[in-house]
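Trainee: The following block contains the structure, expressed as C-alpha cells.
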Amino acid sequence: MGKKLLLEKHKDIARIDQEEKRTHGWYVRVRYFGKTHSKFFSDGKCGGRYSSLLSALAWRDETEAKLGKRRTDKHIVTVSNTRTGVVGVRLNDKLNRYEISWVDALGKQGKTSVSITRHGREKAFEMACAIRSFKEAERLAN
C-alpha cells in the first residue's frame, strides 16, 4: 500500500528532491478563489518519505475543507479571465451573444451560446450562467 501511494500522482502535491540543498519532501499548494495556500512537508521532520506524504495529503484535505473547496482530483477553475466574472461565460459583443464553454467528464471541450437579441441581455446572461453551472455539476458528478 505505501509504495503504491508514493508512486501515484496527487493533485496539488509535488515531490521536491534537491540534493545540493539537502531538501527532500512534499510541497502542497491549494489554490482557491485566487489565493494560494502552501506548505512544505520535509521527509526529515515527518519521519520519512511515506510519512511526509501522508502529512501532506492530510494537510491538503483539511485546508480544502476549511476553505470550503470541494475535494476532487478533477481540475476546477475558480477565477474568471472574462469580463463577465463567471468562469466559462463570455460576452461576444460582435455577435451579440453570451458564449459558454466547458470540459466534460471525458475531457472533451463543449460550447454553446445564448442570443442577447432573442432573450435580452439580463435573461441571456442568466441562461448562460445556468448552462455553465449545469455542465460543471454534470462533469463533477462523474
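Trainee: Would you please name the residue that is farthest from ALA65 (Cα to Cα), looking only at residues in region 13-26 that are in contact (Cβ under 8 Å) with a residue 24 or more places away in the chain and either of a type outside the set (Val, Ile, Thr) or out of contact with any Leu (no Cβ under 9 Å at 6 or more places or on another chain) (or both)?
Mentor: Once the filter is applied, the top-ranked residue is HIS24.
Trainee: If LYS45 passes every condition in (1) of a type in the set (Lys, Arg); (2) assigned to a loop (DSSP other than H, G, I, E, B); (3) not assigned by TED's automatic domain parsing to the domain that holds ARG132 but one, which one does it miss?
Mentor: If we test LYS45 against (1) of a type in the set (Lys, Arg); (2) assigned to a loop (DSSP other than H, G, I, E, B); (3) not assigned by TED's automatic domain parsing to the domain that holds ARG132, just (2) comes out false.
Trainee: For the subset of region 30-57 comprising residues that are over 18 Å from LYS9 (Cα atoms) and of a type in the set (Lys, Arg), which member is modelled with the highest pLDDT?
Mentor: Per the stated criteria, the residue is LYS45.
Trainee: Of the residues in region 20-35, how many are touching a Lys or Arg at 6+ places or on another chain (Cβ under 9 Å) and outside any strand (DSSP E or B)?
Mentor: 1
Trainee: Taking the criterion of being surrounded by fewer than 12 Cβ atoms within 10 Å (Cβ to Cβ), of a type in the set (A, V, I, L, M, F, W, C), closer than 22 Å to LYS69 by Cα and out of contact with any Pro (no Cβ under 9 Å at 6 or more places or on another chain), would at least one residue in region 126-139 satisfy it?
Mentor: Yes, region 126-139 contains at least one residue that is surrounded by fewer than 12 Cβ atoms within 10 Å (Cβ to Cβ), of a type in the set (A, V, I, L, M, F, W, C), closer than 22 Å to LYS69 by Cα and out of contact with any Pro (no Cβ under 9 Å at 6 or more places or on another chain).
The values are calculated or read from the model by the stated rules, or taken from the named source; none is laboratory data. The structure presented is a predicted model; accordingly, all values stated were derived computationally and were not measured. Neighbour counts are summed over all protein chains in view; Cβ atoms, including those assigned to glycine, are modelled from backbone coordinates with ideal geometry.
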